[in-house]
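Report on the following structure.
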Amino acid sequence: MKRLIVTALGLLPFGAAALAEAPAAPLPFVLKQVGPGVYAAIDGPEHKAGSNAGFVIGDDGVLVVDSFINVDAARALVGEIHRLTPKPIRYVVNTHYHLDHTGGDQALRDAGAIIIAHKNVRGWLRVNNVNLFGDRITPEIRTRIAALPLPDVVTDKDLTVWLGSRKVVVRTVLGHTGGDLTIFVPDAHVLFTGDMLWRKIPPNLIDGSVKEWLATDEDFIHMADAAQAIYVPGHGDVANATDVQDFRAYLLDLRRLVSEGRKAKLKDDALTAFVEPKLKALHPDWTISDRAAAAEVRYMDKELAGTKKRPVPGED
Ligand SMILES: [Zn+2]
């Protein structure tokens, strides 16, 4: 009783105050079971999680895929995992370095996880993430990026992680950043694609190669159990092989339209004005903002011109 009164006066240290019986905040994501012990955490309508994440519960522990954009969202995910299983959180696999997928890594590490990432992520995490924000960068975001925990285990090859008898396959793929991983759970036919797949939302091409991206997504469609596969995209709702086809069609349309505009000598705003309405008409069920369309056209134009800058791998 005494404790509750003190809590109400706000005199307890933060950690204890957090235990006070305030109504729980709504989760910033929607948890969806996509297989036995396999969950997708889909960014909520207010986009407070920043991206999708997920996790796999094995015999002797849990592997988490991505950590959202900040530690608050990641802590909420840890809370949901602890609600579902007493097994320890052993790993978090970052699908790529972008802050909306790595911003909560510290919360996973605090929960006991080893951070696994592509080898290029270590060099890019605290440096290249600043570029994602362009003119929207703030001192607070800079500080957060500079303090991101670096991955513990890195690879440029495929990895198999065993959660007891449960097999999880981590694969290196090409297209989104130059340091991308996917996570496959063979016994549940679930593929966590990271940002190699977006569902009905324009992808961020800032570090991408559409050419490589299309090839990787072609492989997704032709993987052994594609007909029954469930794809957890980096952004947008849980997907199937038809959604992967739809995403590829979007990228192909973007590339074709930008190419046509370039042939007509259109540049910058004129090129966007040529492409955007056609792209929207071809994909009426997609949510395409003007800002996203302009950025996509700019990056696609650069890729076709051969002047696209992509992150450069470091020494290690
Ligand atoms: Zn990304």
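Worth a mention:
- Single match in D180, D152 (criterion: acidic (D, E) and surrounded by fewer than 17 Cβ atoms within 10 Å (Cβ to Cβ)): D152
- Within region 188-199, residues that are within 15 Å of D237 (Cβ to Cβ) and at pLDDT below 95 reach no partner that is within 16 Å of the ligand (Cβ to nearest atom) and aliphatic (A, V, I, L, M) with beta carbons closer than 6 Å at six or more positions or on different chains.
- Strands (runs of 3 or more DSSP E) within region 127-213 that include 2 or more residues within 17 Å of G103 (Cβ to Cβ): 190-198
- Looking across region 199-219 at every residue that is within 13 Å of the ligand (Cβ to nearest atom) and surrounded by fewer than 23 Cβ atoms within 10 Å (Cβ to Cβ), the one that is farthest from A294 (Cα to Cα) is identified as I201.
- Selection within region 179-198 - among the small types (G, A, S) and either closer than 30 Å to P277 by Cα or away from the ligand (no atom under 16 Å from the Cβ) (or both): A188, G194
- Subset of region 262-300 [in contact with a helix residue (DSSP H, G or I) (Cβ under 8 Å, 6 or more places away or on another chain), among the small types (G, A, S) and in contact (Cβ under 8 Å) with a residue 40 or more places away in the chain]: A293
- Of the listed requirements (1) more than 16 Å from the ligand (Cβ to nearest atom); (2) out of contact with any strand residue (DSSP E or B) (no Cβ under 6 Å at 6 or more places or on another chain); (3) assigned to a loop (DSSP other than H, G, I, E, B); (4) not basic (K, R), G112 misses just one: (2).
- Scanning region 303-316 for residues that are within 19 Å of G208 (Cβ to Cβ), among the charged types (D, E, K, R), surrounded by fewer than 17 Cβ atoms within 10 Å (Cβ to Cβ) and touching a residue at least 40 places away in the same chain (Cβ under 8 Å) returns a single hit, R310.
- Filtering region 55-75 to residues that are buried (at least 22 other Cβ atoms within 10 Å of the Cβ), within 22 Å of E140 (Cβ to Cβ) and touching a residue at least 60 places away in the same chain (Cβ under 8 Å) leaves only D66.
- Of the numbered criteria (1) within 16 Å of the ligand (Cβ to nearest atom); (2) in contact with a helix residue (DSSP H, G or I) (Cβ under 8 Å, 6 or more places away or on another chain); (3) closer than 15 Å to V38 by Cα, the one A229 fails is (1).
- Candidates A273, A295 - the one that is surrounded by fewer than 19 Cβ atoms within 10 Å (Cβ to Cβ), within 16 Å of the ligand (Cβ to nearest atom) and part of a helix (DSSP H, G or I): A295
- For A40, the conditions (1) touching a helix residue (DSSP H, G or I) at 6+ places or on another chain (Cβ under 8 Å); (2) of a type in the set (G, A, S); (3) away from the ligand (no atom under 16 Å from the Cβ); (4) under 22 Å from H235 (Cβ atoms) are fulfilled apart from (1).
- The lone criterion from (1) out of contact with any strand residue (DSSP E or B) (no Cβ under 8 Å at 6 or more places or on another chain); (2) hydrophobic (A, V, I, L, M, F, W, C); (3) surrounded by fewer than 18 Cβ atoms within 10 Å (Cβ to Cβ) left unmet by M300 is number (3).
- Entry remark, region 40-86: residues being among the acidic types (D, E) and under 18 Å from P149 (Cα atoms) number 2 in total.
- Selection status of L163, buried (at least 20 other Cβ atoms within 10 Å of the Cβ) and more than 16 Å from the ligand (Cβ to nearest atom): yes
- Picking from residues in region 76-102 that are part of a loop (DSSP other than H, G, I, E, B) and surrounded by 24 or more Cβ atoms within 10 Å (Cβ to Cβ), the one that is nearest to the ligand (Cβ to nearest atom) is H98.
The values are calculated or read from the model by the stated rules, or taken from the named source; none is laboratory data. In this text, all values refer to a predicted model and were calculated from it rather than measured experimentally. Here the Cβ is made from the backbone with ideal geometry for all residues, glycine too, and neighbour counts use every protein chain on show.
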